[in-house]
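What follows is a short report on a single structure.
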Amino acid sequence: MTDQTRYTLSKTDLPRTWYNINADMPMPPTPVLNPQTLEPITPDFLSVLFPMELIMQDVSSDRYIDIPEDVREIYKLYRPTPMIRAHRLEQALDTPAHIYYKYEGVSAAGSHKPNTAIAQAYYNKSAGTKALTTETGAGQWGSALALACQFFDLDLEVYMVKISYEQKPYRRIMMETYGAQVFPSPTDRTQFGKSILEKDPHSPGSLGIAISEAVEVAVTSGGAKKYSLGSVLNHVLLHQTVIGEESLKQMDLAGEYPDVIIGCVGGGSNFAGIAYPFLRQNLLDGQRTRLVAIEPTATPTLTKGVYTFDYGDSAKMAPIVKMYTLGHDFVPPPIHAGGLRYHGMAPSLCALYEAGYIEAIAVPQLATFDAAVTFTRAEGILPAPESAHAIRGVIDEALDAKEKGEQRIILFNLSGHGHFDMGAYQAYLSQELQDYAYPEEEIKAAMQNLPEVPLPS
Ligand SMILES: *Cc1c(COP(=O)(O)O)cnc(C)c1O
């Protein structure tokens, strides 16, 4: 039993429903506010940006939501994804821990992001949307949505954070090959982009700025274009729960149950995707799995941020939500894990972290790449810099188990491969990769600008 390395499911094991954490949240939901009025948001405001089905999913309290057959058919191109026992990494670390990873890098885009991109493209197509706008950091989200838009015959405009556009040209070409248009953000195509460029023509951009541009284009399109977000929102986390539902079945095949689940967090979607179905088992079935989110020390949202109401974007056009935040003005250091450079975090994840259901750890860039290279040399798969944060957390957990002589069962989400991130690996191998000091001053400055929302009683 313990000799097995790869745990695969058949097509018939592909989940038929997504798991909605709203049904089992141990605390009441926090309000989502209109950025102009600071009043609770109306479906009208949101329907400029999203099709109604997705808005309804955000607020639904149904525990399970059916996955449309058209979406399941496309999922079958790469799902169920494999779960692998990292025997060789265990040996390299000489740890009594059992390490399993769920590998989402087998999708065409190379990450977990198509799980929601395909669903979002489907619901937009069904609602009659002709074109989508979005932002992308490292290009992972943009390429996932470009793939999905191609499948559903939708046009796509991608606002790509400029520093990544320059560091990662191949992701842009991938998006263009799928048929998307890609612009380095800040651009002069939007009022907000122009205002940033006036202040700083060499702005490296940020996810917050790129979101503002994509939102502005959708809002000013007179209904022709809708906007799509790759993380943070409830419906995105919902769509990612296929990861955890499959993992539950695969752990069953392995005859073990995880003591700890680890994932990296940018906006929180891949972590929630693997963790929430196990959290359900904690809440409803008496399991006691620890859920550990790993973030970069350069953007320490959960570990150093403030739990408060903040805008989702830099231009204050996106809704205000209660979350851990570094401030919507925060421009993070240019770490290579572009997908983790966001100032905020999914509200459900933040509420669960605040209440102690989830743990968080921040890890520095150099130690993260040490872990990535250890993993690559043991297991063969070269991880995305984002996923490497999870691996750092896993190795530390496995070494802790070794010190304590415990046969701890660890499951982590390997959210994507790093085949487009050779620049980062090159910098590491030539010893040019650096750690960034904790950006205390920048965070302090960004914190001066939080919206003055009257505290709900
Ligand atoms: C985008 C991305 C992330 C971070 O986003 P989450 O919404 O927090 O999952 C992590 N890993 C990979 C490979 C990504 O592309």
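Just a few scattered comments:
- Rounded to 10°, Cα long-axis angle of helix 114-126 versus longest principal axis of the chain: 40
- Over the C-alpha trace of the chain, radius of gyration and Dmax come out as 20.4, 63 angstrom.
- Charge tally around GLY380: other residues with Cβ under 14 Å, Lys/Arg +1 each, Asp/Glu -1 each, net +3.
- When each of the peptides 109-117, 419-427 is scored by how many other beta carbons lie within 10 Å of its residues on average, the order from highest to lowest is 109-117, 419-427.
- Sites listed here are GluC sites (Glu not before Pro) in the stretch 380-457 whose DSSP assignment is loop and whose Cβ has at most 16 other Cβ atoms within 10 Å: GLU406, GLU432, GLU452.
- Summarising the strand pairing of the chain, around 35 percent of its internal DSSP beta bridges are antiparallel.
- Within-15-Å neighbourhood charge of LEU340 [Cβ basis; K, R +1; D, E -1]: 0
- Length-normalised contact order of the stretch 334-450 in % [C-alpha pairs under 8 Å, at least 6 apart]: 26
- Using 0.36 nm per residue and subtracting the Cα-Cα separation, the extra length available between LYS194 and GLU354 on full extension is 53.9 nm.
- Were the residues from ALA427 through ARG288 laid out at 0.36 nm apart, the gain over their Cα-Cα distance would be 46.0 nm.
- In a reduced charge model with +1 at each Lys and Arg Cβ and -1 at each Asp and Glu Cβ, the stretch 300-382 shows a dipole moment near 100 debye about its Cα centre.
- Helix 140-151 and the long axis of the chain differ in direction by around 80°, with both axes built from C-alpha atoms.
- Debye, to nearest 20: dipole size of the stretch 202-308, +1 on Lys, Arg Cβ, -1 on Asp, Glu Cβ: 240
- Sorting 366-377, 283-294, 134-145 by their mean Cβ neighbour count within 10 Å, with the most densely packed peptide first, gives 134-145, 366-377, 283-294.
- Just so you know, the Rg over Rh for the stretch 130-229 is 0.96, from Cα atoms, with Rh as the Kirkwood radius.
- Note on the chain: with charges restricted to the Cβ of Lys and Arg (+1) and Asp and Glu (-1), its dipole about the Cα centre is near 640 debye.
- Working note: 222 nm ellipticity from helices only, DSSP H runs with n ≥ 4, each -39,500 (n - 2.57), summed and divided by the residues of the chain, gives -12000 deg cm²/dmol to the nearest 500.
- Summing +1 for each Lys or Arg and -1 for each Asp or Glu among the other residues whose beta-carbon sits under 11 angstrom from that of PRO82 gives +2.
- The protection proxy used here, the mean number of other Cβ atoms lying within 10 Å of each residue, ranks peptides 273-279, 228-234, 328-334 as follows, highest first: 273-279, 228-234, 328-334.
- Between the stretch 254-301 and the stretch 120-156, the alpha-carbon centres lie 27 Å apart.
- Our estimate of slack between LYS444 and ARG88, defined as 0.36 nm per intervening residue step minus the Cα-Cα distance, is 123.8 nm.
- Across the chain, C-alpha contacts under 8 Å between residues 6 or more apart give a mean separation that, scaled by the residue count, equals a relative contact order of 19 percent.
- Mean separation of Cα contacts under 8 Å (6+ apart) over length of the stretch 150-225, as relative contact order %: 32
- Helix axis angle, 385-404 relative to the chain longest principal axis, alpha carbon, degrees: 30
- When the inverse distances between all different Cα atoms of the stretch 336-378 are averaged and flipped, the Kirkwood radius reads 12.7 angstrom.
- In the chain, a dipole from Cβ-located charges (positive for Lys and Arg, negative for Asp and Glu) runs towards its positive end, and of VAL71, THR303, GLY263 it is VAL71 whose Cα lies farthest in that direction.
Every number in this text was worked out from the coordinates using simple rules, so none of it is lab data. What you see is a predicted model; the values in this text were computed from it and never measured. Virtual Cβ from ideal backbone geometry, glycine too; neighbours counted across all protein chains shown.
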